[in-house]
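*Asks:* Dumping the structure here so I can ask a few things about it.
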Amino acid sequence: MLLAVATLTACGSQKADVLHVANQKGSTRAMMLAAGVLDGAPYTVEWSEFPAAQTLLEAVSSGSADLGLAGDAPFIFAYQSGSPIKAVGALATAGRPADALAVVVREGSPLRSVADLAGKTVATTRGSIGHHLLLQALERAHIPASRVKVSLLAPSDAKAAFDSGAVDAWASWTPYTNIAIKEGARVIVDAKDYDLPVAFDVANAAAITPKRALIRDFLAREAKALDWARAHPEAYAQVLSRETGLPIDIARASFDRNNRTAVAIAPAVLAHEQAIADRFGRAGLIAPTRPIAEAFDASVGSGLFKTQE
């Protein structure tokens, strides 16, 4: 569901070139505004806001947005479901923030480990990084995915179901995990023992050729904004709080999840995404038949970024 639309004109005069960018709450827009990296850009950026990657990717797939940042699991889920999208940029998470991605239970819940989820109901967003973490945890514990009832909900609905006790646990990501923990939730699965997700700048396939120069320039400015956010975490948190309405302490905590660096789309990245596709496939959620290599167009950002070590 589209929440709101905001337009940012890179400079005062009217521009013929426009890049339509879909933004997930607490993500690219706040960071780039805080860093001021779009000042003087030779094109206009028109932003549209979404609560989760699923709806953001629907906008990119439909062509109502040219580009948007999403986690690797929802990107792979959408791609393998047939969406006409390609990843043109990659952002790797720095450090290992444990509660940036988690399965949480309510305060007082008897559930203590992933093994306790068997026979229980877990809320998550379909194809999300939270959904993927849940599948990883179940797989590692040798618990068939069919042993857990998964309630597929948008983040706001998942929170309501979690708070009301309609579900036993919630698999989500920051800022939702940060908010839940602040309100008393307890983590039973966190991200520290798992490969952290890569985020991708995902483009509508038909937009890549006509808007290649704009997208490449945007990727370079996004990388500068990431560098700025790492150097100015408090200033970034203040802007993030104003842009999203998040309490300042939650905005500060959310920086860990946004502490990313732009990297080249390398073979190791593709191998990681193949593993995600295979895991969703084993759970019976998708048929991973589209070649993973064809989900990426590394040429757009070629030469801009280093390969992740």
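FYI, it's all coordinate maths here, none of it is from the lab. Please read all numbers here as calculations on a predicted model, not as lab measurements. Every residue, glycine as well, gets a Cβ built from its backbone with ideal geometry; the counts of neighbours run over all protein chains shown.
*Asks:* Mean separation of Cα pairs under 8 Å and 6+ residues apart, divided by the residue count of the stretch 98-190: what relative contact order is that in percent?
*Replies:* Relative contact order for the stretch 98-190 comes out at 52 percent.
*Asks:* Something else about it: At a threshold of 8 angstrom on Cα-Cα distance, excluding pairs fewer than six apart, so keeping six or more, what relative contact order does the chain reach in percent?
*Replies:* 26 percent
*Asks:* At 7 Å along the Cα-to-beta-carbon direction for both residue 290 and residue 234, put a label point, then send me their distance in nm to one decimal.
*Replies:* Result: 4.5 nm between the two label points.
*Asks:* When you count, for each residue, the other Cβ atoms within 10 Å and take the mean per peptide, how do 224-231, 285-292, 121-128 rank with the highest first?
*Replies:* Highest to lowest by the protection proxy: 121-128, 224-231, 285-292.
*Asks:* For the stretch 98-190, give the magnitude of the charge dipole about the Cα centre (Cβ charges: +1 Lys/Arg, -1 Asp/Glu; no others), in debye to the nearest 20.
*Replies:* Using only the charged Cβ atoms, the result is roughly 180 debye.
*Asks:* So how far apart, in nm, are the two label points at residue 149 and residue 274 if each is 7 Å from Cα heading toward Cβ?
*Replies:* 3.8 nm
*Asks:* Averaged across orientations, what area in nm² does the convex hull of the alpha carbons in the chain project?
*Replies:* 14.7 nm²
*Asks:* Separate question: Would you mind calculating the gained length between residue 242 and residue 46 on full extension (0.36 nm times residue separation, minus the Cα-Cα distance), in nm to one decimal?
*Replies:* Length gained, residue 242 through residue 46: 68.7 nm.
*Asks:* I'd like to know which of 184, 141, 131 lies farthest towards the positive end of the charge dipole of the stretch 106-186, counting +1 on Cβ of Lys and Arg and -1 on Cβ of Asp and Glu.
*Replies:* After comparing all options, I get 141.
*Asks:* How do the peptides 100-109, 272-281 rank, highest first, by the average count of neighbouring beta carbon atoms within 10 Å per residue?
*Replies:* 100-109, 272-281
*Asks:* According to the square roots a ≥ b ≥ c of the eigenvalues of the Cα gyration tensor, what is the shape class of the stretch 188-309, taking rounded for a/c under 1.5, prolate for a/b larger than b/c otherwise, and oblate for the remainder?
*Replies:* Note, shape of the stretch 188-309 comes out oblate.
*Asks:* Same structure, new question: About its Cα centre, how strong a charge dipole does the chain have in debye, to the nearest 20, once Lys and Arg get +1 and Asp and Glu get -1 at the Cβ?
*Replies:* Taking the Cα centre of the chain as origin, the dipole is about 260 debye.
*Asks:* Among the lysines, select those whose C-alpha is under 22 Å from the C-alpha of residue 182, and discard any that sit fewer than 8 residues away in the same chain.
*Replies:* Output for residue 182: 25, 159, 192.
*Asks:* Just how far, in whole angstrom, is the stretch 165-192 from the stretch 126-141 if you go by their alpha carbon centroids?
*Replies:* With the stretch 126-141 and the stretch 165-192 each reduced to a Cα centre, they are spaced 14 Å.
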